[in-house]
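Contents: one structure, followed by commentary.
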Amino acid sequence: MDYKDTLLLPKTSFPMRGNLPNNEPKRYNKWFEDGIYEKMKKNRQGRDSFTLHDGPPYANGDIHIGHALNKTLKDMIIKYHYFQGKSVRYTPGWDCHGLPIEQKVEEKIGKEKKDALPISKFRELCRNHAQKFVNLQKEEFIKLGVVADWNNPYLTMDFKFEANIYRTLCDIAKEGLIVERSKPIFWSWAAETALAEAEVEYHDKQDYSLYVAFELSDESKEKLGINEKASLVIWTTTPWTLPSNVAIALNPDEKYILTTNGYIVAKSRINALLEEGVLDSVDIKKEFSSKELEHLKAINPLNSRESYVILGDFVELDGGTGAVHSAPGHGEVDYFASLAYNLPVIMPVDTKGCYDESVKGLELLPNADDFVGMHVFKANEPIIELLGDAVLKVDKFTHSYPYCWRTKKPVIYRATKQFFIAIDKPIKSKDNKTLREIAQKGIDDTTFYPDWGRNRIGSMVENRPDWCISRQRTWGVPIAFFRRKDTKELILDEKVLNFVAMIFEHKGCDAWYDLPIEELLYPGSGLDPKNLEKVTDVLDVWFDSGSTWNAVLKSRNYDAGEFPADMYLEGSDQHRGWFQSSLLVSSAINGFAPYKNILTHGFTVDEKGEKMSKSKGNVVAPQEITKKMGSEILRLWVALSDYSTDLRISDNILKQTSEQYRKIRNSFRFLLANLDGLEAILDVEKFGQLDRWILAKAKVTFDEVNNSFAEYDFSRGFSLLNNFLTNELSGIYMDLCKDRLYCDAKESLTRQGAQSAMYLIAKSMLALVAPVLTYTADEILEHAPEIFKGDMQDIFDLEYEALPEVSSDLNSELLISARERFFEAIDQLRKDKVVKTTLELAIVGDSTQFGIKESKDLEDWFGVSEFINSSDSEILASFEANGKSYNIIKASGAKCPRCWRFTSKSEDELCPRCSEVLK
């Protein structure tokens with residue numbers, strides 16, 4: 001007789017292979033069409049909320065692996081809170097204004113055509129460009145399995161959004177924090193615009209190291225009682241700024257000496273200058289305090305203009321001469337020092353980084369005609385040549401220098417009239433606290449993942465200058481203020497500002513360029529339009545994104561969640577970008593941070609930890625991963641990676657991730673398949689010892705996994721889960737259960753206990769993995785038996801339930817150790833083909849120390865047919881457990897033709913258990 005048909009073999013329609021690249025898009029599209037996000041909102045109505053406010057990616061180009069990492073991590077966190085029972089909100093957004101889009105459109109149509117177009121027409125082209133990439137990126141994010149309010153995303157270029165960005169600016173202006181002044185700022189000559197701190201990155205650059213002698217004026221020499229040559233020696237790395245020199249700064253606490261050959265330097269620097277070959281003698285003729293030299297004048301050898309001697313704490317003595325060339329138009333420190341001495345700010349450089357006509361008008365350079373229109377970086381050599389004998393030493397060196405993060409060109413400091421948000425001005429409505437103080441308190445009140453993010457953003461806020469928010473560009477939200485033509489005073493009347501905001505809400509910011517002042521001005525303002533002019537600058541795009549909390553969360557134009565947001569999540573570069581701009585804008589208006597938690601992730605690098613680049617051929621594109629492997633593999637890679645540092649990715653790493661995925665998938669498949677025929681869940685009290693053991697182990701593991709996920713430590717959580725799957729669940733329990741599942745009676749407590757344990761483990765584990773492997777979890781539920789599925793239509797009807805508390809009296813450490821030693825002992829028996837299966841074997845020894853009451857459970861634990869106290873049979877092998885010795889012998893019975901255990905009287909006769917089952 002063929003007994004196969006009498007066995008209760010596992011049965012499931014859940015396929016072993018996922019065929020992810022083909023099947024994922026179908027399911028994702030169905031989610032989107034069925035309105036899964038709306039269903040999620042409905043399912044958790046009235047529950048505690050969790051709001052993740054999306055940091056907007058830039059609407060320019062395809063998504064890259066960094067985008068995929070970012071959006072997947074956000075999706076995992078949103079879904080984690082959802083499956084934990086919370087009402088979640090995630091409104092995706094896009095940053096649509098700014099220079100890169102403007103440059104792309106200009107490249108496409110040409111500069112000549114751009115200049116010929118009306119501003120609003122060019123802005124329309126920029127808007128169309130941004131919309132194209134919003135649509136493209138949206139589709140790519142959906143293919144990653146990211147669930148969000150895709151039907152109602154926020155775009156910073158939408159009319160209502162632009163109006164709210166402008167209202168946010170007006171709110172800050174009402175606090176008195178918007179100031180306008182000429183000040184040296186980072187200037188991108190390549191993009192012809194001012195740059196904020198967040199738009200600057202640092203790279204190595206080769207520059208000149210130049211020592212120049214500035215002869216003291218005759219009047220100054222007379223005051224010092226000097227009759228011969230006496231020159232202050234300055235050091236500079238930017239010869240091109242020497243035409244704009246107005247001062248020489250000295251250290252206020254240093255002594256200065258005049259050498260016998262007529263040079264004045266800091267006393268503490270003379271030996272170093274001798275070694276470097278700047279001075280050829282250190283014989284001291286005279287010594288002065290810096291105070292004695294203050295207010296004297298030296299002569300600029302380049303143009304014979306006077307240079308004022310000032311004191312400044314910023315003058316350091318670990319290099320140079322202790323005398324610093326100061327050009328307030330080209331340096332922030334120089335600028336602030338010049339204010340104290342009421343010195344002029346000279347700025348002879350135009351927007352393109354070239355000398356303008358003022359080098360002639362102010363006689364800043366000899367042969368000035370040769371320099372007009374010359375780029376400043378090309379002027380270094382001719383200027384050094386013009387200095388002649390005043391140059392004591394010239395050299396080149398490499399140092400860290402600021403670059404424009406978009407054009408990748410070195411920037412300059414350039415004094416221009418710009419709008420700033422004052423960081424250290426007391427705010428009356430905020431108890432006279434400064435914006436810096438409020439922001440620092442906001443950092444203290446925020447939880448950071450990882451915690452080092454607090455110090456990173458904290459040091460940046462502590463040391464940051466005023467925020468330059470104006471840009472001389474076209475595609476952005478205009479700083480839509482009116483200015484009096486006669487006095488240049490800004491009009492900040494609330495009704496005037498509100499009227500402009502209302503126009504923007506209905507017509508967009510283009511109205512600022514299209515409509516005349518008469519139509520933009522509030523009718524009851526009492527102002528004469530003829531005496532007004534428009535400010536033409538646009539806002540820094542960091543202000544756009546920094547005000548999204550207002551336009552998205554507070555405006556109620558979106559169902560986007562609560563304010564302040566529970567979480568902001570971006571790459572670690574956003575400590576100086578979006579995290580900080582959002583903090584400053586919210587602190588200025590609300591007096592607190594716009595977020596409760598900040599999570600930052602690292603950057604993606606290749607397998608060797610190197611930056612990805614097309615030239616290296618090591619770029620990993622998310623689109624290729626989804627086509628070849630499926631988005632689930634990419635999502636699992638995110639979960640398995642430690643996002644607090646840079647994340648490595650490569651084909652090899654993704655193949656390893658695929659193996660992990662298969663392990664998880666097949667574990668679920670085994671569990672589902674063995675639930676077939678289960679009609680009721682057994683009470684835990686009726687579970688056998690082994691079922692209680694695995695449930696207790698799963699309970700401890702799942703609680704720990706859940707705690708890790710709650711702290712957003714997905715890599716640790718999945719490591720714990722994988723260890724449990726590999727070692728206890730599939731490594732032991734699934735294996736030892738097969739006999740009772742397949743061969744015991746369908747209604748037996750032993751079989752129902754194992755099925756019930758598997759049911760509870762599968763259901764709890766499914767909710768744990770669902771935030772990451774949502775597609776697979778949904779597929780599992782689709783193929784699950786009715787007892788498991790219940791009235792759930794899809795995975796989004798599932799909510800995590802912790803496993804019940806259950807006690808286990810098994811000494812699992814001893815049992816697992818003994819099992820390992822047993823399999824080590826029989827390894828040679830298998831190699832020598834003495835046995836094919838462990839069921840041919842029996843173990844002889846003291847069974848009491850293992851604490852397993854049912855002998856069948858102990859036999860199943862080791863996978864043998866017998867466990868007996870004594871025997872005279874031939875010993876095939878032996879092992880020790882807890883100091884006791886156990887012998888391995890051949891089982892005494894014959895092989896049962898149904899269950900294959902060696903417990904029958906003869907090979908054509910069923911064992912007692914199988915006989916009972918088939919009665």
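The figures follow:
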{"quantity": "Lone qualifier among ARG692, ARG716 - being within 14 Å of SER756 (Cα to Cα), assigned to a helix (DSSP H, G or I) and basic (Lys, Arg)", "calculated": "ARG692"}
{"quantity": "Meets criteria (within 18 Å of PHE879 (Cα to Cα), touching a Leu at 6+ places or on another chain (Cβ under 7 Å), open to solvent by 20 Å² or more (accessible area, probe 1.4 Å) and not aliphatic (A, V, I, L, M)) for SER812", "calculated": "no"}
{"quantity": "Filter result for the condition that a residue is closer than 23 Å to PRO382 by Cα and surrounded by 24 or more Cβ atoms within 10 Å (Cβ to Cβ), over ALA323, ALA327", "calculated": "ALA327"}
{"quantity": "Evaluation of LEU781 against (1) farther than 17 Å from SER667 by Cβ; (2) crowded, with 18+ Cβ neighbours inside 10 Å; (3) within 33 Å of the chain's Cα centre (by Cα); (4) not charged (D, E, K, R) (one fails), failing number", "calculated": "(1)"}
{"quantity": "Checking GLU38 against (1) open to solvent by 10 Å² or more (accessible area, probe 1.4 Å); (2) of a type outside the set (S, T, N, Q); (3) touching a residue at least 12 places away in the same chain (Cβ under 8 Å), the condition it does not meet", "calculated": "(3)"}
{"quantity": "Test: residue in the stretch 405-424 that is of a type in the set (Gly, Ala, Ser) and over 27 Å from SER358 (Cα atoms)", "calculated": "yes"}
{"quantity": "Residue list for the stretch 96-105, restricted to those being within 15 Å of ASN135 (Cβ to Cβ) and not in a loop (DSSP other than H, G, I, E, B)", "calculated": "ILE101"}
{"quantity": "Residues (touching a Leu at 6+ places or on another chain (Cβ under 6 Å) and either under 30 Å from ASP431 (Cα atoms) or open to solvent by 40 Å² or more (accessible area, probe 1.4 Å) (or both)) located in the stretch 591-608", "calculated": "ALA593"}
{"quantity": "Qualifying residue in the stretch 800-807 (condition: buried (at least 17 other Cβ atoms within 10 Å of the Cβ) and either within 20 Å of LYS42 (Cα to Cα) or basic (Lys, Arg) (or both))", "calculated": "yes"}
{"quantity": "Residues being among the small types (Gly, Ala, Ser) and either in a loop (DSSP other than H, G, I, E, B) or in contact with a Pro (Cβ under 8 Å, 6 or more places away or on another chain) (or both) - total across the stretch 271-316", "calculated": "5"}
{"quantity": "Any hit, the stretch 737-744, residues being within 26 Å of THR645 (Cβ to Cβ) and among the aliphatic types (A, V, I, L, M)", "calculated": "no"}
{"quantity": "Filtered residues of the stretch 182-204 (kept if touching a strand residue (DSSP E or B) at 6+ places or on another chain (Cβ under 7 Å) and open to solvent by 30 Å² or more (accessible area, probe 1.4 Å))", "calculated": "SER182, TRP189, ALA190, GLU201, TYR202, HIS203, ASP204"}
{"quantity": "Qualifying residue in the stretch 751-763 (condition: open to solvent by 10 Å² or more (accessible area, probe 1.4 Å) and hydrophobic (A, V, I, L, M, F, W, C))", "calculated": "yes"}
{"quantity": "Matching helices (runs of 4 or more DSSP H) fully within the stretch 467-582 where at least 3 residues are open to solvent by less than 30 Å² (accessible area, probe 1.4 Å), at pLDDT 95 or above and touching a strand residue (DSSP E or B) at 6+ places or on another chain (Cβ under 8 Å)", "calculated": "none"}
{"quantity": "Matching helices (runs of 4 or more DSSP H) fully within the stretch 350-447 where at least 2 residues are without any contact (Cβ under 8 Å) to a residue 60 or more places away in the chain and either over 24 Å from SER182 (Cα atoms) or aliphatic (A, V, I, L, M) (or both)", "calculated": "380-387, 435-444"}
{"quantity": "So LEU258, is it closer than 15 Å to SER231 by Cβ, in a helix (DSSP H, G or I) and out of contact with any Phe, Trp or Tyr (no Cβ under 7 Å at 6 or more places or on another chain)", "calculated": "no"}
{"quantity": "Near pairs, Cβ below 6 angstrom, 6+ apart or cross-chain, from the stretch 699-714 (closer than 18 Å to MET76 by Cα) to any residue that is among the basic types (Lys, Arg) and surrounded by 14 or more Cβ atoms within 10 Å (Cβ to Cβ)", "calculated": "SER708/ARG716"}
{"quantity": "Every pair of residues 6+ apart whose Cβ atoms lie under 7 Å, when the first sits in the stretch 121-137 and is assigned to a helix (DSSP H, G or I) while the second is charged (D, E, K, R)", "calculated": "PHE122/LYS114; ARG123/ASP510; CYS126/GLU102; HIS129/LYS104; LEU136/ASP62"}
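The values are calculated or read from the model by the stated rules, or taken from the named source; none is laboratory data. Note that this is a predicted model, so its numbers are computed, not measured. When we count neighbours, we look across all protein chains shown, and the Cβ atoms used for this are built from the backbone with ideal geometry, even at glycine. The accessibility values were calculated without ligands, DNA or RNA, using every heavy atom of the protein model including side chains. Shrake-Rupley method; radii C 1.70, N 1.55, O 1.52, S 1.80 Å.
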